[in-house]
Amino acid sequence: MNIFEFLEKTAGSGNMPFLIIGGHAVNAYGYSRFTKDLDILIREAERTSWLSALGDSGFRLCHDGGSFLQMTPPEGWRWPLDLMIVNAVTFASMLTAARTMKVGAVILKIPSLDHLFALKFHVLKQEIPGRGYKDLVDVLSLAECNGVDLCSDRIRGLCEKFGSKKIYERLLAFRE
């Protein structure tokens, strides 16, 4: 069983829906880039259930940032697992607008492109050392691959709501 099959089985057995985010979601939207982990988005109400199920399967919590958890995989698994935790309202909105992504025989859900942009803007706003360039390139490349005009009111609004005006200005400067 691969990690995607494992997540699908774990989620189904505990009624714990999730979305694939991060590099795998970026890849699903046409911008192929290397990723060294697997990121999922879960509801806050299922945090304990996910940690328990993952712990029972050999994953170990190595970083607890409150709404962002990093798990070390058990022996033989390829990727570390990161969990981003959001409230029920945010999760419901993202799940309703989600797209599907097929990995082997498994059908998974990924955020809509706008929600993926919002997640990237949110991460950029955190100013995490060593992450900014990668997330900025993701946004620029996703826009190019999907015919999105970064100068549009929609993208500016998303960036200013989930990121900042400064991030939007950086985006436009890099675009040129």
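The values are calculated or read from the model by the stated rules, or taken from the named source; none is laboratory data. Since we're looking at a predicted model, the values are computed, not measured. Ideal geometry is used to build each Cβ from the backbone, glycine not excepted, and the neighbour counts take in all protein chains shown.
The conditions of being surrounded by 17 or more Cβ atoms within 10 Å (Cβ to Cβ), more than 29 Å from Gly12 (Cα to Cα), touching a residue at least 40 places away in the same chain (Cβ under 8 Å) and not assigned by TED's automatic domain parsing to the domain that holds Gly58 are met by Leu142. Residues of the stretch 76-104 that are closer than 19 Å to Ala118 by Cβ and either crowded, with 16+ Cβ neighbours inside 10 Å or touching a residue at least 60 places away in the same chain (Cβ under 8 Å) (or both): Asp82, Leu83, Met84, Ile85, Val86, Phe91, Met94, Leu95, Ala98, Arg99, Met101. Checking the stretch 42-53 against the condition returns a match, with at least one residue being of a type in the set (A, V, I, L, M), under 30 Å from Gly147 (Cα atoms) and in contact with a strand residue (DSSP E or B) (Cβ under 9 Å, 6 or more places away or on another chain). Only one of the numbered conditions (1) in contact with a helix residue (DSSP H, G or I) (Cβ under 6 Å, 6 or more places away or on another chain); (2) surrounded by fewer than 19 Cβ atoms within 10 Å (Cβ to Cβ) is violated by Tyr133, and that is (1). Scoring Leu171 on the criteria (1) in a loop (DSSP other than H, G, I, E, B); (2) farther than 23 Å from Ile20 by Cβ; (3) not β-branched (Val, Ile, Thr) leaves a single failure, condition (1).
Yes/no matrix, rows are residues, columns are (1) over 18 Å from Gly23 (Cα atoms); (2) part of a loop (DSSP other than H, G, I, E, B); (3) not assigned by TED's automatic domain parsing to the domain that holds Thr10:
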residue: Gly66; (1), (2), (3): yes, yes, no
residue: Met71; (1), (2), (3): no, no, no
residue: Glu75; (1), (2), (3): yes, yes, no
residue: Trp79; (1), (2), (3): no, yes, no
residue: Leu83; (1), (2), (3): no, no, no
residue: Thr90; (1), (2), (3): yes, no, no
residue: Thr100; (1), (2), (3): no, no, no
residue: Leu119; (1), (2), (3): no, no, yes
residue: Ile128; (1), (2), (3): no, yes, yes
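Anything in the stretch 70-92 that is within 22 Å of Asn27 (Cα to Cα) and not β-branched (Val, Ile, Thr)? List them, or say none. Selection gives Gln70, Met71, Pro73, Trp77, Arg78, Trp79, Pro80, Leu81, Asp82, Leu83, Met84, Phe91. In the stretch 57-72, the residues that are hydroxyl-bearing (Ser, Thr, Tyr) reach residues that are surrounded by fewer than 12 Cβ atoms within 10 Å (Cβ to Cβ) and in a strand (DSSP E or B) with C-beta atoms within less than 9 angstrom, at least six apart or across chains, in these pairs: Thr72/Cys62.
For Met94, state whether it is of a type outside the set (Phe, Trp, Tyr), assigned by TED's automatic domain parsing to the domain that holds Ala11 and modelled with pLDDT under 95. Answer is no for this residue.
Are any residues in the stretch 130-168 outside any loop (DSSP other than H, G, I, E, B), under 21 Å from Gly30 (Cα atoms) and charged (D, E, K, R), and if so, which ones? Lys134, Asp135, Asp138, Glu144, Arg154 - these are the residues of the stretch 130-168 that are outside any loop (DSSP other than H, G, I, E, B), under 21 Å from Gly30 (Cα atoms) and charged (D, E, K, R). The conditions of being among the polar types (S, T, N, Q) and over 16 Å from the mean Cα position of the chain (by Cα) are not met by Thr100. Each residue in the stretch 1-54 was checked for being without any contact (Cβ under 8 Å) to a residue 40 or more places away in the chain, over 18 Å from the mean Cα position of the chain (by Cα), surrounded by 13 or more Cβ atoms within 10 Å (Cβ to Cβ) and over 21 Å from Thr90 (Cα atoms), and 1 of them qualify.
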